[in-house]
Protein chains: 4
Amino acid sequence: MTRTGLWLIGARGSVATTAISGLLALRAGLAPPTGCVTFRPEFADVALPGWEDFVVGGHDVVSTPLAKTAEHLAQAGVLPPHLLGLIASGLCEIDAEIRDGYHPVTHQGDQAEAARRIAADITAFRDRHNLARVVVVNVASTEPPAPFDPSHGELTALEAVLTEPGRAVLPPSSLAAYAALRAGCPFVDFTPSTGIALPALDQLARELGLPYAGRDGKTGETLLRTVLAPMFTARALRVRSWAGTNLLGGGDGATLRDPQHAESKLESKARGLAALLDHDVVAPLHIDNVPDLGEQKTAWDHVSFEGFLGARMTLQFTWTGLDSSLAAPLVLDLARLVAAAHADGQAGPLGSLAVFFKDPLGSDEHRFAEQTRELYRWAGELRG
Amino acid sequence: MTRTGLWLIGARGSVATTAISGLLALRAGLAPPTGCVTFRPEFADVALPGWEDFVVGGHDVVSTPLAKTAEHLAQAGVLPPHLLGLIASGLCEIDAEIRDGYHPVTHQGDQAEAARRIAADITAFRDRHNLARVVVVNVASTEPPAPFDPSHGELTALEAVLTEPGRAVLPPSSLAAYAALRAGCPFVDFTPSTGIALPALDQLARELGLPYAGRDGKTGETLLRTVLAPMFTARALRVRSWAGTNLLGGGDGATLRDPQHAESKLESKARGLAALLDHDVVAPLHIDNVPDLGEQKTAWDHVSFEGFLGARMTLQFTWTGLDSSLAAPLVLDLARLVAAAHADGQAGPLGSLAVFFKDPLGSDEHRFAEQTRELYRWAGELRG
Amino acid sequence: MTRTGLWLIGARGSVATTAISGLLALRAGLAPPTGCVTFRPEFADVALPGWEDFVVGGHDVVSTPLAKTAEHLAQAGVLPPHLLGLIASGLCEIDAEIRDGYHPVTHQGDQAEAARRIAADITAFRDRHNLARVVVVNVASTEPPAPFDPSHGELTALEAVLTEPGRAVLPPSSLAAYAALRAGCPFVDFTPSTGIALPALDQLARELGLPYAGRDGKTGETLLRTVLAPMFTARALRVRSWAGTNLLGGGDGATLRDPQHAESKLESKARGLAALLDHDVVAPLHIDNVPDLGEQKTAWDHVSFEGFLGARMTLQFTWTGLDSSLAAPLVLDLARLVAAAHADGQAGPLGSLAVFFKDPLGSDEHRFAEQTRELYRWAGELRG
Amino acid sequence: MTRTGLWLIGARGSVATTAISGLLALRAGLAPPTGCVTFRPEFADVALPGWEDFVVGGHDVVSTPLAKTAEHLAQAGVLPPHLLGLIASGLCEIDAEIRDGYHPVTHQGDQAEAARRIAADITAFRDRHNLARVVVVNVASTEPPAPFDPSHGELTALEAVLTEPGRAVLPPSSLAAYAALRAGCPFVDFTPSTGIALPALDQLARELGLPYAGRDGKTGETLLRTVLAPMFTARALRVRSWAGTNLLGGGDGATLRDPQHAESKLESKARGLAALLDHDVVAPLHIDNVPDLGEQKTAWDHVSFEGFLGARMTLQFTWTGLDSSLAAPLVLDLARLVAAAHADGQAGPLGSLAVFFKDPLGSDEHRFAEQTRELYRWAGELRG
Ligand SMILES: NC(=O)c1ccc[n+]([C@@H]2O[C@H](COP(=O)([O-])OP(=O)(O)OC[C@H]3O[C@@H](n4cnc5c(N)ncnc54)[C@H](O)[C@@H]3O)[C@@H](O)[C@H]2O)c1
Ligand SMILES: NC(=O)c1ccc[n+]([C@@H]2O[C@H](COP(=O)([O-])OP(=O)(O)OC[C@H]3O[C@@H](n4cnc5c(N)ncnc54)[C@H](O)[C@@H]3O)[C@@H](O)[C@H]2O)c1
Ligand SMILES: NC(=O)c1ccc[n+]([C@@H]2O[C@H](COP(=O)([O-])OP(=O)(O)OC[C@H]3O[C@@H](n4cnc5c(N)ncnc54)[C@H](O)[C@@H]3O)[C@@H](O)[C@H]2O)c1
Ligand SMILES: NC(=O)c1ccc[n+]([C@@H]2O[C@H](COP(=O)([O-])OP(=O)(O)OC[C@H]3O[C@@H](n4cnc5c(N)ncnc54)[C@H](O)[C@@H]3O)[C@@H](O)[C@H]2O)c1
Ligand code: NA
Ligand code: NA
């Protein structure tokens, strides 16, 4: 395949740095593609960009060098320590491709202007590296849910408001999505932030013939829920309550400590569970910031269910995952798949990629196994 | 549908008594069909016998009245206590349909004779109640693995040995299967015992045009394993070890205390895990008899897996189930489905029923979601 | 010993009904004293009232008969179903000894008057049954933390405010404590409500020479924490975070659903953990109302700690308890012990009973083993 | 205090290497003494050797350099990677003090001769470094239980048999203990092997006025059991079953894979539980070798217990520990304490050190809190 850009919003964060480090390691043959779905045999015949085809850049609002974040990730068990030396120059090169992101507080001027600048960074990157296309992936910090605005519903209205000085009608994630589309790029929303999930942006993507996918990478507790809930349903067992607690440190833990930010995440998780069971359940859910866990996330779920003749039973699980290790290969998978969809001329939400997301856009299917089948089916049709 | 017999080998055990009590309760509208797969919407149009169509009988080697076992099950949380009074007369009636089973120790005479007697009990039951067919389901105590005998491989050879006095070439479960087939009945193996899983018996079933299904009902730890293992595979995560411990009381716990008996069960569980993951894993597995748990089974599994760049993560779960509550509705489901397969003229192993079993006969598919899909597909074709 | 009264505030609740049912069962020799600390060998020579010495009465604001609550508790696994018939007449008798409690919303008149009425109910009970003493135990619903009032600090000031019409300076639990003391009765605070924990009430108890004990029965997660935390300390292991989630149904679950009510409980739990470890830890804690769990409480705790050379390790536990089954025998123990302390002429907070409480009054000791030793020591000195 | 030797049997193993690395780190002020009991405030006034007072040597049957084992331990999360460089020369120096241990298979000649050689290595070390005393600590691989021999009962008989060529009446651990005593050294048994726990060796220790302590370091599941079991007892709750599963990799996991070797360990664990509860419980226990866990040990325990009126409840815990990180500081503690006991003129088993061991010699006390108190009391009396 021709050369492909991967542009990361939040390029200096844990997920981004892990994805970048992994890409460098995989390209150099230093690690097997464990965790990369698109290296499963089901994709053997699908025309997807290879590791060597990718060029990486991005936006961020901090300037910590990638090597420093990588060092921190090595201490946290995400990256193997011996890798650091081997990828140091690669990280440096990519550092040079990271630009200042849009910051809602420090930004001067109207949002249209901001979007133009963001889009220009991306097109310059595409031109500079002579790329066939650039997939923009949002892996920036989770935002609080954005307040509704009528202009979100229609593109002309939205673009009018964007030019009003002093108005910030779009949250940063949606501004990034808007700019990506305006730069002619497919967009992936790996976070629970509003991002591209506004009617006006969907309209723009369709008008421009651009595919997009989202949202909120499905990597831990929700992954398990979408695997386990269908079992209860298929066995005609009646789930009575499904309680969950998530302990996490890291950047995401710090962000979600703020209940306002956590809200997006909790909402996105709750939507999934409700969709999976045929009926309502009591489902208290907590996200706690526990800094000493570092990059590790521990989730405990307690499911109480009823069987034959009302018999009462329970299932509990404890998941101890390294969130960035789970997310990063999916980011790379999504870059490959969405690039292929773009090459294939697809536009609008890629519901067939639902298996990657907690809150899939363009799909109502939350069951993991059904989503997996749909992914394979869709990929099969890409085969040249 | 016409009247259908359900003949239980091990009719006085926990699973059988729960199935019988539930059938009476469901028929009387005293409980919803929670746990019964065949009442899912996917089966709405499938022609299956209804609760009122069933007549129940069986074999056992003990004579404890069903009402007494039911009382014990109520104390153990399996049956709701208030139900006992309401189904007392129904249990009494079925008590009258239970005959003495084949007991390898006390039986006098050759095994051919024993099989004729067992078959005669079943045909008499069919005639007495004017039944269109009788589904024979083995829910007797787990046996130790049967020693191999060359006659197991071919029917004529087997039938020759059966007439040799003093030889007991078939374990009780296989004798029951043989007798059931000879009585013209479809057979279901809900236990891990040898049962119908001998080439000679498969040959007989095909010759007589009889369907059968098995084996070892999938109700707890293995159910979860066949749900969770495909997730790791689909996400390209590498499982390194999968350790399990099962604590159980009840009749099954007492039987499995004997390591020889436990062997069948452990083997049947191990086969599944190996088939689900692409590669070998360290998978120590224990079954412990813990009498104070009564009918409750608690399973703890610890899965250690590797993700992107070798990151180490774990999943643990604890399942606390009432085994008979999980098994009984499946026994009723199997009676309905296998009766329909028989009415449909199917013969040999029903691989499409793999979702019900730890060690599915006639199928290599262990993944729960794929098995569920296959069940729905198959049932869809039964639709008149 | 002479006849002793047990007066329960919240006499129709789960804890009270379990304690009453158990007392009747124990007195009739229908059950062993499992869960009763004072039947341990260490108390063999301590002069404590026996089961036959107790007469029970109380206050409540609802009128559900004890038999009905007992029936509910039997369904929930707290009381053995066969017991209900055997204690029915005993429950009826005690029903007749329960009076209308003080209700802050419906009460007319000033609080001094309310206290007089409450006290009169208790003294009438004492006289009617010719009791040597009455131990008043608060097992009413948890209240929200009471707003501070300067009059709480000194008895004369408090009593002046009590007579002001329209003022409700004391929360119901403290009004009950005040009335109990004014009736000359020792008081036990089994709940996290304010109760007797006000300087003015402590002053009154000392002036009247009355002992009291509290507060918040230690029955589940906190019990384990006060057992486990000293292990980390004694082994010089550094706890980094201690997260907890409590799932509970029942009356207490419904009350604590209200975050304001839960606050008392959370505060009382947090004080304990801080006292047990030498340093601050991140300790998120949740209480969720999960009605389908009924009387069962499930607590999950996750402890992250550091060992030699900074090695990172974890401990998790899941406790599945029946709260009323754990609390009721302790209520009976406390009635016996506080009666003995009163007979012995002790006054003020009984710090030696700290082992019974999450937030012990009159003691700074939270370590379970040390508290147990202190209880034995103190009881040893009671020996006549 | 004067200079003290620490002589490790199994000096190249995980526990030994962690203890040695830690000692070097602590001496250099590179780490705080987390996990070292003797740095608790309770020992502030006790005269114990300091880190700088220790000189280390030992025996092993392999020749892997300490630095190599340390590297492996760093990868496994036991040692902080940055430490390796800082202690490299220290490890080298100690390497030079490690001698070939007694190997039962390769040894030529009678056991008396072997013992003399082992003892000579130790006395040469003491003389070479001009040490006041040498504490010998056994941290070698667990042995299978030794077959009983009548000569184990009495010293003269034993020493007679030791001189018989071709007889190996003592397992290596006991031979090491014998040699240590004959070299005039106090002995600590950190393993479940037979070691010093033979009447003839106890007799020798007393005759020579040497103290000893053992056996089997209490670091994980058993530690928790001796903390939790007393809670059930003190609360008069009746434990019905206590099931356990241990998953471990590392050298110890490989050794214990062999059921014969595991037997010592299982026996030593079972003795503790029986002693802690007043009555027998069903207590199945497993040790599984799961190599991918590396140095990590995961233990799952499931406790089923009965409360008031027969209510059924459970506690489960999962402990995820790094065994060597837990063991190593205790080895250093024991070296300090046993050196002090020797200086104090104590002889025979030091029952006051029971808190360190699963199977304490010279003590029947298994309760952690009581053992801790006894340790503090005993240490208090050492104060000069
Ligand atoms: N790791 C997972 O398993 C997982 C799963 C689903 C979703 N996510 C989401 O992925 C996102 C990233 O997670 P993370 O752990 O890498 O977080 P992180 O805090 O380590 O990284 C976020 C990065 O975004 C940057 N950023 C913030 N605002 C920005 C802006 N306006 N423009 C550009 N960059 C900006 C931050 O400076 C930071 O470098 C989060 O939203 C998280 O919820 C992660
Ligand atoms: N409960 C589950 O979830 C589950 C799941 C899979 C398989 N199973 C299997 O189902 C079977 C029944 O389990 P259970 O809990 O009811 O056990 P149980 O011990 O309560 O009942 C077994 C019954 O079989 C009878 N029996 C023994 N030998 C017989 C013979 N030769 N002929 C006729 N009857 C005989 C016994 O007398 C007893 O009444 C077991 O083999 C078990 O392994 C159960
Ligand atoms: N069960 C335990 O393990 C445990 C442990 C510690 C503390 N507690 C505390 O014990 C208390 C009782 O718990 P429960 O489960 O029995 O709750 P519950 O809701 O079943 O019972 C509380 C009773 O108090 C009554 N009540 C409410 N306000 C009253 C008033 N002003 N005067 C008199 N009665 C009043 C209610 O009507 C109800 O009958 C709670 O405060 C709980 O927090 C229980
Ligand atoms: N780590 C813990 O928490 C813990 C707790 C209690 C007991 N223990 C015991 O401590 C011992 C050491 O554990 P480890 O993890 O270090 O094991 P390991 O296998 O890493 O080390 C054992 C060492 O002993 C050496 N050895 C074997 N036979 C010997 C002999 N005859 N003479 C001298 N050396 C010999 C081996 O070569 C190896 O270097 C084991 O017996 C274990 O059961 C450990
Ligand atoms: Na959707
Ligand atoms: Na206090």
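Rounded to two decimal places and with Rh computed the Kirkwood way over Cα pairs, what is Rg over Rh for the stretch C:221-322? Present the calculation step by step, with values, prior to reporting the outcome.
Numbers: Rg = 14.5 Å, Rh = 14.3 Å.
Value, to two decimals: 1.02.
The angle between the Cα long axis of helix D:199-208 and the longest principal axis of the Cα atoms of chain D comes to about 50 degrees, rounded to the nearest 10.
With its label point defined 7 Å out from Cα along the Cα-to-Cβ axis, C:GLU93 lies at 4.7, 8.1, 9.1 nm from the matching points of the other copies, in increasing order.
With label points set 7 Å from Cα along Cα→Cβ, the inter-copy distances at D:ARG206 are 5.6, 7.8, 9.4 nm, sorted shortest first. Rounded to two decimals, the Cα radius of gyration of the stretch D:1-72 over 2.2 N^0.38 Å is 1.20.
All Cα-Cα distances of the stretch A:96-175, cut into 5 Å bins from zero to the largest, leave 3, 13, 23, 22, 20, 12, 6, 2 percent in each bin in turn. Close amide H pairs (under 5 Å, H built 1.01 Å from N) link D:VAL137 with D:TRP7, D:LEU8, D:ILE9, D:VAL188, residues at least 5 positions away or on another chain.
Given a cut-off of under 8 Å on Cα pairs at least six residues apart, what relative contact order in percent is computed for the stretch D:221-322?
On the way: 177 pairs, mean separation 39.3, N = 102.
Result for the stretch D:221-322 is 38 percent.
Its DSSP H runs of at least 4 residues, each contributing -39,500 (n - 2.57), put the calculated 222 nm mean residue ellipticity of the protein assembly as shown at -13500 deg cm²/dmol, to the nearest 500. Shown for C:ARG377: label points 7 Å from Cα along the beta-carbon vector, and their distances to the equivalent points in the other copies, 1.2, 7.3, 7.4 nm in ascending order. Based on Cα contacts under 8 Å between residues 6+ apart, chain D shows a relative contact order of 21 percent. Take the Cβ atoms of A:ASP149 and A:ALA96, set R0 to 45 Å, and the FRET efficiency comes out at 0.75. Close amide H partners of C:THR34, meaning residues 5 or more places away or on another chain with modelled amide H under 5 Å apart, are D:LEU309.
The stretch A:128-192 and the stretch B:1-41 have their alpha-carbon centroids 57 Å apart.
Would you mind working out the magnitude of the charge dipole of the stretch A:49-100 relative to its Cα centre, with +1 at each Lys and Arg C-beta and -1 at each Asp and Glu C-beta, to the nearest 20 Debye? Walk me through the numbers before you get to the answer.
On the way: 2 positive and 8 negative charges, 43 e Å.
Using Cβ point charges on Lys, Arg, Asp and Glu, the stretch A:49-100 gives about 200 debye.
For the rotational copy relationship between C and B, the axis lies nearest to a chain C beta carbon, identified with its distance in whole angstrom as C:PRO81, 3. In degrees, nearest 10, range 0 to 90: what is the angle between the Cα axis of helix A:259-276 and the longest Cα principal axis of chain A? The answer is roughly 60 degrees.
For the pair the stretch D:278-326 / the stretch C:204-224, the C-alpha centres are spaced 33 Å from each other.
How do A:VAL227, B:VAL355 line up, fewest other C-beta atoms within 10 Å first? Before the final figure, lay out the partial values.
Values: A:VAL227 24, B:VAL355 27.
Fewest-to-most ranking of A:VAL227, B:VAL355: A:VAL227, B:VAL355.
With Cβ to Cβ distances under 9 Å as the rule, what net charge do the other residues near B:LEU361 carry (K, R +1; D, E -1)? Value of the local net charge: -2.
Size of the stretch D:145-296: Rg and Dmax of its alpha carbons, in Å, are 18.2, 57.
Computed on the Cα trace of the stretch A:74-211, the radius of gyration divided by the Kirkwood hydrodynamic radius gives Rg/Rh = 1.03.
Classify chain B from the C-alpha gyration tensor, please: rounded if a/c falls under 1.5, else prolate or oblate depending on whether a/b exceeds b/c. Here chain B falls in the rounded category. Placing pseudo-labels 7 Å out from each Cα toward the beta carbon at B:ALA88 and A:LEU30 gives an inter-label distance of 7.7 nm.
Within 10 Å of each residue's Cβ, count the other Cβ atoms and sort A:LYS218, C:LYS68 from fewest upward.
Values: A:LYS218 27, C:LYS68 12.
Exposure proxy ranking, most exposed first: C:LYS68, A:LYS218.
Rounded to whole Å, the principal axis extents of the Cα atoms in the protein assembly as shown read 91, 86, 81, largest first. Relative to the longest principal axis of the Cα atoms of chain C, helix C:172-182 runs at roughly 60 degrees. Around the amide H of D:ARG240, modelled in the peptide plane, lie the amide H atoms of D:SER304, D:PHE305, D:GLU306, all under 5 Å away and 5 or more residues distant in sequence or on another chain.
Would you please name the chymotrypsin sites (Phe, Trp or Tyr not before Pro) within the stretch C:149-210 that are DSSP coil residues with at most 11 other C-beta atoms within 10 Å of their C-beta? Please report the intermediate quantities before stating the final value.
Values: sites: C:TYR178, C:PHE187, C:PHE190; in loops: C:PHE190.
Taking the stretch C:149-210 and a limit of 11 other Cβ atoms within 10 Å, no loop chymotrypsin sites (Phe, Trp or Tyr not before Pro) are found.
Listing B:ILE196, B:ILE98 from fewest to most neighbouring C-beta atoms within 10 Å gives B:ILE98, B:ILE196.
Coordinate-derived values only; no laboratory data. All values reported here derive from a predicted model rather than from experimental measurement. Note that each Cβ is placed from the backbone with ideal geometry, even for glycine, and that neighbours are counted across all protein chains shown.
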